[in-house]
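**Student:** Following this message is one structure expressed as structure tokens.
The values are calculated or read from the model by the stated rules, or taken from the named source; none is laboratory data. In this text the structure is predicted, and so the values were computed from the model without any measurement. Cβ sites come from the backbone with ideal geometry, for glycine too, and all protein chains shown count toward neighbours.
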Amino acid sequence: MSLVLVADDEPAVLEVLSQVVEDLGHDVIQARDGEEAWNLARTRRPNLVVTDHMMPRLSGVDLCRKLKGDEVLGRVPIILLSAVLPHGAPEAHAFLHKPFEITDFETLIRKALEEAPRPKPLEGASAMEALGDWVAKGFEGPLETARAQVERLRAEGTADGGALETLGAQLKTLEALTKDFHEAAHLAARTVVVVPVVADVSVLLRQKLEKWEQCHPEVVWELRMPAAPVETRFDPQRLRRVLDGLLGHAVRHGGTVRVELECSPSLVTIRVKDAGPGISDEELRHLFEPFGAGAGLGLYIASELARLHGGGLSVESKKGQGTALSVMLPRS
């Protein structure tokens with residue numbers, strides 16, 4: 001079974017094409033315009049994309065070009081459909097001129113999925129998981145002892161207060177890094193599972209933001225979200241961890257952090273914008289990797305947890321214009 005993204009702005013055609021793909025035994029996600037298809041492709045990472053050409057906001061050919069230019073989605077085959085294009089587009093894996101026979105469409109689906117690249121199996125997963133457990137366990141005792149000594153020196157009042165504050169902050173950083181390493185190892189081993197519930201994501205977002213406001217009063221926080229509840233399926237504990245990754249990256253630069261919640265019938269997007277210096281193109285390519293662009297493990301963990309929700313992370317950044325990190329979750 002594969003995941004196929006079908007995009008067409010005509011509802012009747014969209015339903016027919018989706019039904020054909022489902023009858024072939026595959027899962028389908030639907031998009032009603034090119035921009036929605038692009039966002040869904042980034043979050044759901046389909047094995048195949050089927051798209052019409054004449055669509056609002058982003059044409060099928062433009063969608064093909066964006067997909068082919070993406071580092072993750074560049075190898076995903078695309079079947080382009082059109083009644084106006086005579087020969088398709090070079091970025092498409094295959095082309096069908098409308099109207100076409102359903103049997104021809106079925107044949108192309110089978111062939112494209114047979115040729116679609118499959119993710120490489122993860123090697124050494126159990127060793128990675130064990131290493132994460134060992135690191136977390138090994139640091140537990142020394143960290144606890146160090147914390148106790150800092151508290152003793154603080155109570156005695158004989159040590160330099162500034163030095164104690166610095167040492168305490170460094171211990172907290174080391175504790176957080178140890179927890180991150182433990183969680184990252186389990187994510188790499190594919191042993192983390194999400195337990196989704198249907199709930200209002202705006203409530204969780206507001207609660208999380210209130211905690212960050214208390215910890216970082218020096219930051220100017222701005223929040224924009226719909227007045228009505230935004231219900232979707234998510235694991236509250238895991239989504240809090242995702243938000244910590246995005247907010248933690250944004251507060252490093254101080255200034256103003258703008259948080260936005262947007263929703264469509266098929267997608268929920270939480271966007272965090274900072275006022276920092278922006279990220280270079282080279283750093284962007286590695287941002288969601290462990291320790292990528294100096295970001296530690298937080299964004300790698302957030303990216304993997306978003307993926308487990310059937311969603312994903314995206315980033316927009318230009319030098320001197322700040323960075324916007326978004327988590328996108330399907331509404332299904």
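**Student:** Here are L48, L24, L5: which of them is over 21 Å from H87 (Cα atoms), modelled with pLDDT of 90 or more and in contact with a helix residue (DSSP H, G or I) (Cβ under 7 Å, 6 or more places away or on another chain)?
**Tutor:** Result of the check over L48, L24, L5: L5.
**Student:** Same structure, new question: With (1) surrounded by 14 or more Cβ atoms within 10 Å (Cβ to Cβ); (2) in the same structural domain as Q149 (by TED's automatic domain parsing) as the list, and L205 as the residue in question, which single condition is left unmet?
**Tutor:** The one condition L205 does not meet is (2).
**Student:** State which residue is nearest to E262 (Cα to Cα) when the search covers only the range 217-234 and only residues that are touching an Asp or Glu at 6+ places or on another chain (Cβ under 6 Å) and surrounded by fewer than 17 Cβ atoms within 10 Å (Cβ to Cβ).
**Tutor:** The selected residue is R224.
**Student:** When you go through Q237, Q214 one by one, which is the residue that is in the same structural domain as L261 (by TED's automatic domain parsing), within 16 Å of A302 (Cα to Cα), exposed (fewer than 13 other Cβ atoms within 10 Å of the Cβ) and not aliphatic (A, V, I, L, M)?
**Tutor:** Q237
**Student:** Further, regarding this structure: Within the range 33-57, track down each residue that is surrounded by fewer than 20 Cβ atoms within 10 Å (Cβ to Cβ) and either free of Cβ contacts under 8 Å to residues at least 60 places away in the same chain or in the same structural domain as S303 (by TED's automatic domain parsing) (or both).
**Tutor:** D33, E35, M54, P56, R57
**Student:** To continue, here is another question. Could you pull out every one of the helices (runs of 4 or more DSSP H) wholly within the range 216-332 that has 2 or more residues that are within 24 Å of H186 (Cα to Cα)?
**Tutor:** Result: 236-251, 298-308.
Listed here are the residues, each with its yes/no results for (1) within 30 Å of E231 (Cα to Cα); (2) outside any helix (DSSP H, G or I); (3) of a type in the set (A, V, I, L, M, F, W, C).
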residue	(1), (2), (3)
R147	no, no, no
V150	no, no, yes
T158	no, yes, no
G168	no, no, no
E175	no, no, no
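**Student:** I would also like to ask the following. Restricting to the range 17-76, name every residue that is on the phi > 0 side of the Ramachandran plot and among the aliphatic types (A, V, I, L, M).
**Tutor:** Within the range 17-76, none qualify.
**Student:** Another one. Looking at the structure I just gave you, is T256 polar (S, T, N, Q), surrounded by fewer than 21 Cβ atoms within 10 Å (Cβ to Cβ) and either in contact with a strand residue (DSSP E or B) (Cβ under 6 Å, 6 or more places away or on another chain) or at pLDDT 90 or above (or both)?
**Tutor:** yes
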